Structures are given as structure tokens and as C-alpha cells.
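Rule-based calculations on the coordinates, nothing more; no lab input. Just so it is clear, the structure is predicted and the values come from calculations on it, not from any experiment. Counting neighbours? That spans all protein chains shown, and the Cβs are built from the backbone with ideal geometry, glycine included.
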Amino acid sequence: MNPNTPDIAVIGAGPAGLFAAEYLSARGHKVRVFDRMPTPGRKFLMAGRGGLNLTHSEGLDAFLSRYRPANPRVEAAIRAFPPAALRNWCEELGQETFVGSSGRVFPKAMKASPLLRAWRGRLDAHGVDLALRHDWTGWDGQGALTFETPDGPVSVRPSATLLALGGASWPRLGSDGGWAGMLADRGVPISPFQPSNSGFMVDWSPTFGERFAGTPLKHITVSFGGRDVTGDAMISAYGIEGGAIYALSGEVRDALGSGRVTLHLDLRPGVSPAALSERLTNARKGESIANRLRKAAGLSPVSASLLREAVHPLPTDPGMLAMLIKACPVELTGVSGLARAISSAGGIRFDALDDGLMLKALPGVFAAGEMLDWEAPTGGYLLQACFATGLAAARGVERYLSDR
């Protein structure tokens, strides 16, 4: 073998790929990480703009219940590398973590760049070679990996390959799902990509959309399909998005396949319908509905206007108005799309993989991270599964090379 050829090629410099590279290089393997972008961890850095929610502190059984579809391989990977292990890894890199009021876990620095710098230092110390601006194009006729680079085509033939190319969301950051066709052509079953943790389209009136686009709905409860999620949402020009919406996005997206669906928003989750009705009843005589909603019900301008989007004219009966505040209907007309989604569902089906996350159709080729067909809400579940499946695939590579 050419001495410049790595033992293992990792394609994709996101969390799954870099974590796999760290594990394998620490065990003496010569690892080269390829990525099409000019810098590693682009999506990881983008996630860090919101504080870098690494994982969650809830119990492991509850944590595992967040993944759709439930899969024994994802569960096994996370049990082998649970949230506590991810926190320990961060702290070994000198990045302390803390648990926020929501139970989410963040680095104390509240951003990704210090962690990524420390991580790259460790990878450098392990001898990991980082080959950037290398756009993977598949395999040549002799089975070598092929790449397009600014200096022309490159090919390498490692002993094993680990793919960690991401899903199909945020394509401008490098993960556009373009790999799916190459793998499908080689007999790998692929589930179609769909937006996950995405916003939804709503036919707002022009006045409402123009006035309130970019305005948050703070501390509401969103209900759909028997599930209630309390958190924040955001009005956008095209519809509605935000954490409370993302938590239900898988179920809502699936339901939209059969037509429009309706969410119900409790705009005052801490107040009972009876208490709201009493406050509205006791409002000053002759006061306008707008003032009653603001003063007696404690609604923000966006919440009050949202009621008018749902029902116009608003009911004057205090009891009916209270019930509307507690279950304001919002009709969704569609999904906002992959380009705006935080993550994606779909990808490599688990029946295409063995227990070590090796592709059955391509011996010696492994896959990890968002390439695999799982989805989870925001809240630390996405990054945790990327790290855990990266480690699981790396261990699969190690067993494969040992058996050979």
C-alpha cells in the first residue's frame, strides 16, 4: 500500500466523522478525514450560535423515547455512549458543561468554537490528516474512493471507509444528501429525505404576516395528536416555527401527507379557562375586546392578533373567549422544506446495515450520524446520536479490520 494512503478514510468532518476519527486514531490507525467544505464542523458551528445544546439531562429511558423511528441500533449506540459520557468527553477537552433550566446541557462557553478548537488540537496530536475541499464523487472502476479538489481529481484506496456525510438539511453548510444516489446505485436501500425540526406553512392574512413576522410567541402550549408541548414558537412570513413546533414536527409532517392539519395553541398555559373567563367577565364595563385581552387576559399583541386570525369577529362572551385563548386553532398547509429545516428524516435504512453499522451491500464501508434513517427533536438529541453512532461505526471498523 502507498505509505500516503490512510488505513481508514472518514468522509465528512461533522461530529460523527470527527468523533470516529478520534477513536480510531487513538488506537493507532492512520486516519484521513475528507470534507467538501473549506473548514470542518460547519453545521456544528452553526448550531453553536444558539448556545450549542450538546445533550439532555433527563433519564436515559425517557431520552431514548425521543427518537423516531425507534431502532435497536440507535438505542445500543446511545447506551454505549450516553449523555454523561458526552459531558465527560467535553470536560476532558477543557470545556465544562452545565444543565440549563430546561434540562438541556450546554458548554459553559455557550458556543461551539472553543470546543472545536480543543477537539482539533486533540485530532492533530493523534495524527489525523484533514483533507478539506475534497468533494467525494464515489468509487472508480478499481474500487478506489474518488474526489474532486481544486487541484484536480484525487483517488485513495483505504482498508475501510466510514461515511458521515450528514442528512439533507441546511445544504449550504455542506450536507445536501447528494450521496444518496451514489449509494442507491450500489444497492443500498435509502428512505426519502423529509424535513425534520422544521417550520410549517400557514396562510396568514397579509396584515398579520407583515406585522408579526419574526415575533416570538413566548411560553405557549402546542397540542397535536394527543401530545402537548410547552415552549416558545415564532411567527414567520411563511408560517410558524420554533422549539415547541419542532418537537411535534415529525407527527405533523406525516399527518400533512393526508391534507391540511390544525394545531391548537394554549396562549396562557398557566391559567385555567375558568380563571380566564372570570378575569374577562370582571373587566371594566365598556372596555374594548383589545383592552380586555391585553389587561385581563394578559395577552401580547401577537397573541391577541393570532386569535383574530383564527376567529373573526372574536366572541364577546367571556367563557367562549377564554376557551379560544386556551385552544387557538392554527391551520397548517404544508412543510417549510429541507433548506430551512434543522435536521432531516430519511437516509440509509437500518436494514441496509449490520450490527457494526457496515453497509451490507458494500463490505468495508460504514455509515454514521444523520445519514442514517432516524430523527429526533431539538434539545440535545441530535448531537448525542451523531456522536454515539460515530463511535459505534468506528468500533465496527475496528472489528472489521481486526477480523481481516
**Q.** Phi-based couplings in Hz for region 356-368 (Karplus 6.51, -1.76, 1.60; Gly and Pro marked x)
**A.** x, 6, 8, 5, 4, 7, 9, x, x, 10, 10, 9, 8
Q | Sites K285 and S258, calculated FRET efficiency, Cβ-Cβ separation with R0 45 Å, nearest 0.05 | A | 0.40
Q) Which is farthest toward the positive dipole end of the chain among W374, W89, M358, measuring Cα position about the Cα centre, with Cβ charges +1 (Lys, Arg) and -1 (Asp, Glu)? A) W89
Q | Nearest-20 debye value, the chain charge dipole, Cβ charges on Lys, Arg, Asp, Glu | A | 1000
Q | Entries in K285/K326; K43/K326; K30/K108; K108/K326; K111/K360; K111/K326 that, when Cα-Cα distance is taken, lie over 28 Å | A | K43/K326; K30/K108; K108/K326; K111/K360; K111/K326
Q: Collect residues whose amide H, placed 1.01 Å from N in the peptide plane, falls under 5 Å from the amide H of G239; neighbours closer than 5 in sequence don't count.
A: V202
Q. What share of the DSSP beta bridges in the chain is antiparallel, in percent to the nearest 5?
A. 75
Q: Quick one: order F81, F208, F200 by neighbouring beta-carbon count within 10 Å, fewest to most.
A: F208, F81, F200
Q. Can you list, largest first and rounded to whole Å, the semi-axes you get for the chain by taking the square root of 5 times each eigenvalue of its Cα gyration tensor?
A. 47, 21, 18
Q) Per residue of the chain, what 222 nm ellipticity follows from adding -39500 (n - 2.57) for every DSSP H run with n ≥ 4, rounded to the nearest 500? A) -9500 deg cm²/dmol
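What percent do you get for the relative contact order of region 200-335 when only Cα pairs under 8 Å and 6+ apart count? Display every interim value, and only then the final one.
Details: 222 pairs, mean separation 43.3, N = 136.
Computed over region 200-335, the figure is 32 percent.
Order these by the 10 Å Cβ neighbour count, fewest first: R68, R49. Don't skip to the answer; put the middle values down first.
On the way: R68 16, R49 10.
Ordered by Cβ neighbours within 10 Å, fewest first: R49, R68.
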Q) Under a point-charge model restricted to the Cβ atoms of Lys and Arg (+1) and Asp and Glu (-1), what is the dipole moment magnitude of region 200-335 relative to its Cα centre, in debye to the nearest 20? A) 560
(Q) Between helix 83-92 and the chain, what is the angle of the helix's C-alpha long axis to the longest principal axis, kept within 0 to 90° and rounded to the nearest 10? (A) 60
**Q.** From phi via Karplus (6.51, -1.76, 1.60), per-residue ³J(HN,Hα) for region 223-236 in Hz, x at Gly/Pro
**A.** 10, 7, x, x, 10, 10, 10, 9, x, 10, 9, 9, 6, 10
(Q) Output wanted: per-residue J couplings in Hz (rounded whole) for region 58-67, from phi through Karplus 6.51 cos²θ - 1.76 cosθ + 1.60, θ = phi - 60°, x for Gly and Pro. (A) 5, x, 5, 5, 5, 4, 5, 5, 7, 8
